[in-house]
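Below: the structure, in structure tokens.
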Amino acid sequence: MYFLWEMAQAPAFTGMPQGWWAATAVCASAALGDGVIIVALWALGTMLWRDVQWFVPPGGARYAVVVLVGIAVQATIEWIMVYRLGRWGYSPPHPLVPVVKIGALPVLQAVMLPPVVFSLAARWQRAAGGR
């Protein structure tokens, strides 16, 4: 899911390699980083709610905390990668979040994908005979 997101949003960024394979490798690398963030969000939820299956059943309040932390993490990474390390930038049509001037697509990713991931995990857990 994250790899597809990364591939879909790639044209909104500058600094991507010209070749298809190289650009795909960059997106795959970014998706792996997104996976690390998801694992960190799961670990945070596990610590906060003292339950490794905190996402079962899906709950709005718990997801809201995870989304807010995810936005903070994503925004921090994005700002560092763009403005401190210069790893990528934004194409002209890419909307920016006012004040922090980071891309809106990475923030949207942090809002949309973690709830989907944890909702799917909850569904799989229930199907496997969990809660």
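Any read-out appearing in this document is the output of simple, stated calculations on the displayed coordinates, not a laboratory observation. Nothing here was measured: the structure is a model prediction, and the numbers come from that model. Methodologically, a virtual Cβ is constructed for each residue, glycine included, from the backbone with ideal geometry; neighbour enumeration extends over all protein chains shown.
Of note:
- Between helix 60-79 and the chain: long-axis angle, C-alpha atoms, 0 to 90°, nearest 10: 20 degrees
- Charge dipole of the chain about the Cα centre (unit charges at C-beta), most positive-ward option of Val52, Val66, Thr76: Val52
- Percent of Cα pairs exceeding the 12 Å cut-off, where the set is region 69-131: 71 percent
- Centre separation in Å (Cα based) which lies between region 1-38 and region 56-108: 15 Å
- Taking the longest Cα principal axis of the chain as reference, the axis of helix 104-127 is set at about 30 degrees.
- Percent of Cα pairs in the chain per distance bin of 5 Å, from zero to the largest separation: 2, 10, 19, 22, 17, 13, 9, 6, 3, 0.
- Crossing angle, helix 20-49 versus the chain [Cα axis fit, 0-90 degrees, rounded to tens]: 30 degrees
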